Each structure stands twice: as structure tokens, then as C-alpha cells.
Amino acid sequence: MIHAFYQQLGGEDRVFEAEADLLTSRGHAVDRYTFDNHEIDGWSTLKKAASLVWNREAKRAVADRIRAFRPDVLHVQNTFPGLSPSVYAAATEAGVPVIQKLCNYRLFCANGLLFRNGSDCQDCIGKRFAWRAAVHGCYRGDRVMSGAIAGAYGLHHAIGTWSRHVGAFLTLDEHGRELFVRAGLPPEKLHVKPNFLDPFPEAGPGDGEFALFVGRVAPGKGVETLIRAWALDTSLPLLKVVGDGPLMETVREMAAGLAHVEFLGRRDPTEVETLMGRAAVQIVPSEFQEPFGRVALEAMGTGTPVLSTQAGALRNVVQPGVNGQHFEAGNPADLLVRFRALSQEAGSLRPGTRENALSRFSGEANLEMLLTAYRAAGAKDSGAPAAAPTKPAPQRPPMPPPTPGATSAKATSSHR
């Protein structure tokens with residue numbers, strides 16, 4: 001399994017670890033090859049741009065790991081920006097099928113979010129070369145890097161990298177699958193496999209009498225809308241905001257003087273799970289095309305109902321009257337109305353919310369979906385567990401702060 005960890009660790013990084021752990025816990029041998037994207041901080045702009053197209057060092061390293069481990073399938077989570085699609089070629093040359101997980105929209109959107117200037121943006125879907133990304137500086141406001149990303153991915157689309165090297169793709173829900181079909185990926189290669197929880201958290205008491213936001217405080221996450229809603233009514237219960245990000249200073253200024261808003265910063269996963277279990281309502285105000293919304297699932301796993309927008313997969317993950325309620329994205333007044341309504345029934349929804357999550361997002365059901373996709377990609381014996389690894393696999397600590405300059409290769413298991 002291959003993954004380039006983001007500089008600001010988030011949901012994708014946790015999904016990678018969760019899937020690797022799920023396979024390992026069910027007896028499948030897994031070798032994790034990871035890259036710390038902090039390493040690119042010391043690279044020149046030219047090297048960064050070149051590595052988006054082809055990273056010879058990454059290809060060589062992956063080829064070495066394939067020869068040593070002899071996998072049935074190469075599962076790729078994220079190659080951006082430090083690894084590049086060169087890792088696919090290493091597998092193809094070794095006769096190993098490839099499956100690519102699609103947790104964002106980077107294949108056709110430079111920032112991976114389908115979100116620009118505070119609004120949904122689908123200008124580049126289906127375009128061979130996403131030139132608008134360079135015009136607008138969609139990637140972190142940097143026109144040069146935005147153009148480099150658009151050029152690199154445009155080149156790989158043109159030469160058929162994904163069609164030639166990738167046997168199957170995993171999307172997180174049907175909405176995402178439809179977007180990738182529009183973008184030009186072969187429909188027959190796109191398999192839907194949602195996120196999951198394994199093990200499931202304990203049911204929480206819901207006795208905290210507060211609302212909770214957990215996530216990156218960043219554009220598209222809807223935190224500004226959330227603060228505006230709380231500013232409309234000072235009699236609302238306490239809102240706890242867990243997380244950090246580029247908009248933190250902005251939202252702190254927006255919340256100045258609001259005694260019923262509390263910023264907790266980053267917290268460890270155990271504390272976050274406890275907060276979710278105690279919260280009356282979890283709020284997920286995303287305004288971009290959310291590929292899944294893992295935080296919604298985590299809250300539901302504790303029994304806490306979710307108030308969310310209908311952005312992306314959230315329209316299907318959150319089911320009004322069953323495990324939560326929807327509000328109009330970017331509309332603080334509607335958020336307020338829906339929050340009040342959900343608060344009235346939150347207690348009665350808790351048992352059903354957790355049961356709904358258990359029935360739809362368990363590890364067992366998800367594992368079978370994953371193995372089915374592996375077989376579709378061309379894996380020959382992914383349906384049966386492999387022999388246990390020859391030595392215990394050291395586990396990456398849950399969501400640690402990344403360290404610049406950390407080693408890029410971290411094996412967690414050896415030969416079958």
C-alpha cells in the first residue's frame with residue numbers, strides 16, 4: 001500500500017491507516033510504503049514540478065519493495081505531490097495489478113476540492129488540460145504550481161496513464177463516481193467503497209449539552225458559516241471547535257465576544273471520540289463537494305446525530321430523520337433553524353443513529369468490498385488471507401505531528 005502523507009494530516013491519512021489495519025487484522029500481509037510530503041519543502045520549484053510528472057527515485061524504491069514483498073496488488077492512496085504516477089509503472093513492469101483510491105478530485109482539479117473563491121467549481125471536469133487552474137491560481141493561490149499540476153495531470157491523461165496502468169479505482173460514494181465518469185475515467189473500472197469504522201467506538205452518552213465541529217479550519221469546510229450562525233443567537237448551547245488550519249485567525253476574530261464559542265485546537269483521537277460521544281449534535285458544514293465526510297461517520301458511530309449540508313457524499317451519509325438533518329450550505333440562518341429542530345429530537349435519534357452506522361459502515365462489509373475491487377483490478381488470490389507477517393508490524397502513531405525530513409520509506413511487514 002502506497003501513500004504520500006499530507007503536510008497537514010487529515011482524513012485521507014487516517015483512511016490509509018484504517019484500511020491497512022483492517023487488512024492486517026484479518027490476516028492479510030500488508031507492506032506500507034509511505035512518503036512524508038514535508039520532504040519537498042527543500043526542493044526547488046523545478047524539482048517539485050518535475051516530480052509531479054515522474055519521480056524516478058520513487059519508482060525505483062517501489063520496484064525494490066515489490067521485488068522483496070511480491071504483492072498480489074498495489075493499493076495506491078495518494079501520490080501527490082512527492083511520489084508521482086511513476087509508482088504505477090513500477091507495478092506494471094513487475095506484473096502487479098494496481099488499484100487507485102480516489103479520496104479527492106485531484107485527477108481533474110488542481111486543488112482537489114472542486115471549490116474556488118468560496119463556491120463550487122466544476123469548470124475543469126472533462127477537460128484534458130485544466131488551464132483555468134493556472135489562471136485562477138487554484139492551488140494555494142500559486143499560479144505557477146497550479147499550472148504545473150494542471151500540466152502534469154493533463155499529460156498523464158493524454159498518454160493514458162490511468163487507463164493503461166490502473167486496473168480499478170475506488171470512489172467513496174455514487175456521487176463521486178458520477179463525477180469521475182464525467183471526468184473521463186472508464187465506468188467499468190470505478191467501484192464504490194465508502195469509509196468505515198473498525199473497531200466501532202463505544203456508544204456515547206450525549207450528555208454534554210454542546211454542539212461540536214471537528215475538522216480543518218479551512219476554506220470550503222464551512223466554519224465561517226457556522227460561526228455566523230452562532231453569532232445570531234447568544235442563547236444557543238456552547239459550540240466547541242476542534243481543529244486548526246489557515247482560517248483559524250479569521251474565525252477567532254469572527255467569534256470575538258461570543259462566550260458560547262470555544263476553540264479547542266487539535267486534540268488526540270481518543271479525546272475527540274469522547275467529545276463526539278458527549279456532544280448533543282455534530283455539525284459538518286462543508287461547502288465543497290465532500291468526497292465522504294468521515295467525521296460525520298465517526299460521530300454517528302458514537303450515536304451522535306449529525307447536522308450537515310448536502311455537499312457531495314454528505315447528502316447520502318446523513319439521512320434526515322434517521323441519523324441527523326441537512327441545512328443549506330453557506331446559509332447561517334438555515335443552519336440555525338435546522339439545529340434547533342435537530343436538537344429537539346437528538347436524544348431519541350441516538351440509538352438508531354449508531355445502528356444505522358453499524359449496518360452501513362462496518363469493517364466486515366467494507367473488507368469484502370475492498371477484496372472484490374482487488375479482484376476486479378486483477379489480483380489473483382485477494383479473497384483469502386495471506387500468511388501472517390514474519391515479524392510484528394510497527395504501527396504508525398495515530399495522527400502524529402509530522403516531522404520535516406523524516407524518512408520516506410516505512411515498512412510495516414515483510415515477506416509472505
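The values are calculated or read from the model by the stated rules, or taken from the named source; none is laboratory data. Computed from a predicted structure; not experimentally measured. When we count neighbours, we look across all protein chains shown, and the Cβ atoms used for this are built from the backbone with ideal geometry, even at glycine.
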Select, from 119, 84, the only residue that is under 19 Å from residue 37 (Cβ atoms) and polar (S, T, N, Q).
84
Going through 25, 44 one at a time, which residue ends up being surrounded by fewer than 17 Cβ atoms within 10 Å (Cβ to Cβ), touching a residue at least 40 places away in the same chain (Cβ under 8 Å) and not assigned by TED's automatic domain parsing to the domain that holds residue 295?
25
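For every residue, the table says whether it meets (1) more than 25 Å from residue 221 (Cα to Cα); (2) aromatic (Phe, Trp, Tyr); (3) touching a strand residue (DSSP E or B) at 6+ places or on another chain (Cβ under 8 Å).
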site: 122; (1), (2), (3): no, no, no
site: 128; (1), (2), (3): yes, no, no
site: 133; (1), (2), (3): no, no, no
site: 136; (1), (2), (3): no, no, yes
site: 149; (1), (2), (3): no, no, no
site: 163; (1), (2), (3): yes, no, no
site: 172; (1), (2), (3): no, no, yes
I'd like to check something: does region 197-216 contain any residue that is surrounded by fewer than 21 Cβ atoms within 10 Å (Cβ to Cβ), over 19 Å from the mean Cα position of the chain (by Cα) and under 19 Å from residue 127 (Cα atoms)?
no
How do the helices (runs of 4 or more DSSP H) wholly within region 1-119 filter down when requiring 3 or more residues that are under 20 Å from the mean Cα position of the chain (by Cα) and more than 26 Å from residue 151 (Cβ to Cβ): which remain?
11-25
Just name the residue that is surrounded by the most Cβ atoms within 10 Å (Cβ to Cβ) out of those in region 225-267 that are part of a helix (DSSP H, G or I) and among the polar types (S, T, N, Q).
225
Residue 159 vs. criteria surrounded by 21 or more Cβ atoms within 10 Å (Cβ to Cβ), among the β-branched types (Val, Ile, Thr) and either touching a Lys or Arg at 6+ places or on another chain (Cβ under 7 Å) or at pLDDT below 95 (or both)
no
May I ask you to verify whether residue 116 is of a type outside the set (Gly, Ala, Ser) and surrounded by fewer than 22 Cβ atoms within 10 Å (Cβ to Cβ)?
no
